[in-house]
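See below for the structure under consideration.
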Amino acid sequence: MRKPFFRVLLILTMGVGGWVYQSVALGDQNHPRLDSLFQELRATNDQEAAQEISDEIWRLWREVDDPEAAELFALGQRAMTERHYRTAYRHFSELVTTMPDFAEGWNARATLLYQVESYDESISDIKETLQREPRHFGALAGLGFIFLRQHQFGPAINVFRAALEINPHMPQIHQALKQLELREENLIEQNTI
């Protein structure tokens, strides 16, 4: 179940400086339904069913028992939607300080940092997300798009492939991967001529 994460971790360790192996702590991402939902997600061939399963996974990821943490998460989401990025950052930062094992808090802040083009900081928060929830296909997809922005095409390919091993029903990721693979083929073809 965690194989794609460890492959990505190895890729990042080898391909992007500063990443080192750390043990995986699942924290709050251990809802008993998640394992079966991920199995269903990989097994289905129905895009509508896959979307429903994916939505349920996201819902479970966002569940948090602590009322203060839930409020910080909601306030951060609202501020981010309203493009009050500093306020959102404050809320998400307080959330990850208050409840550091809540993977979705890290992922929310990583998404915010991506939106404001703070890519290195976003990568750092993606790392924290993946340590807590190795199957976080959203965090992996985000990492792939950061690599695209940084023109790190090989790592982007590897991360997109890992994300699709977990959730093969992400059309945008399939499209990005196909374009990257065509680019790689063209480069290889040009270099052999």
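Among the candidates Ala88, Ala70, single out the residue that is over 19 Å from Pro171 (Cβ atoms), free of Cβ contacts under 8 Å to residues at least 12 places away in the same chain, in contact with an Asp or Glu (Cβ under 9 Å, 6 or more places away or on another chain) and surrounded by 13 or more Cβ atoms within 10 Å (Cβ to Cβ). It would help to see each step written out before you state the result.
On the way: Ala88 fails: free of Cβ contacts under 8 Å to residues at least 12 places away in the same chain.
None of the others qualify; the one that does is Ala70.
Test each condition in (1) among the hydrophobic types (A, V, I, L, M, F, W, C); (2) surrounded by 14 or more Cβ atoms within 10 Å (Cβ to Cβ); (3) over 14 Å from the mean Cα position of the chain (by Cα) for Val159 and report the one that comes out false.
Among (1) among the hydrophobic types (A, V, I, L, M, F, W, C); (2) surrounded by 14 or more Cβ atoms within 10 Å (Cβ to Cβ); (3) over 14 Å from the mean Cα position of the chain (by Cα), the lone unmet condition for Val159 is (3).
When only residues in segment 116-135 that are closer than 20 Å to Tyr89 by Cβ and in contact with an Asp or Glu (Cβ under 9 Å, 6 or more places away or on another chain) count, which is surrounded by the fewest Cβ atoms within 10 Å (Cβ to Cβ)?
Arg132
Residue-wise test of (1) among the basic types (Lys, Arg); (2) closer than 13 Å to Glu128 by Cα; (3) modelled with pLDDT of 95 or more.
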{"residue": "Ser23", "(1), (2), (3)": "no, yes, no"}
{"residue": "Ile53", "(1), (2), (3)": "no, no, yes"}
{"residue": "Trp58", "(1), (2), (3)": "no, no, yes"}
{"residue": "Val96", "(1), (2), (3)": "no, yes, yes"}
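The values are calculated or read from the model by the stated rules, or taken from the named source; none is laboratory data. These figures come from a predicted structure and were not determined experimentally. Cβ coordinates were reconstructed from backbone atoms using ideal geometry, including for glycine residues, and neighbour counts include every protein chain displayed.
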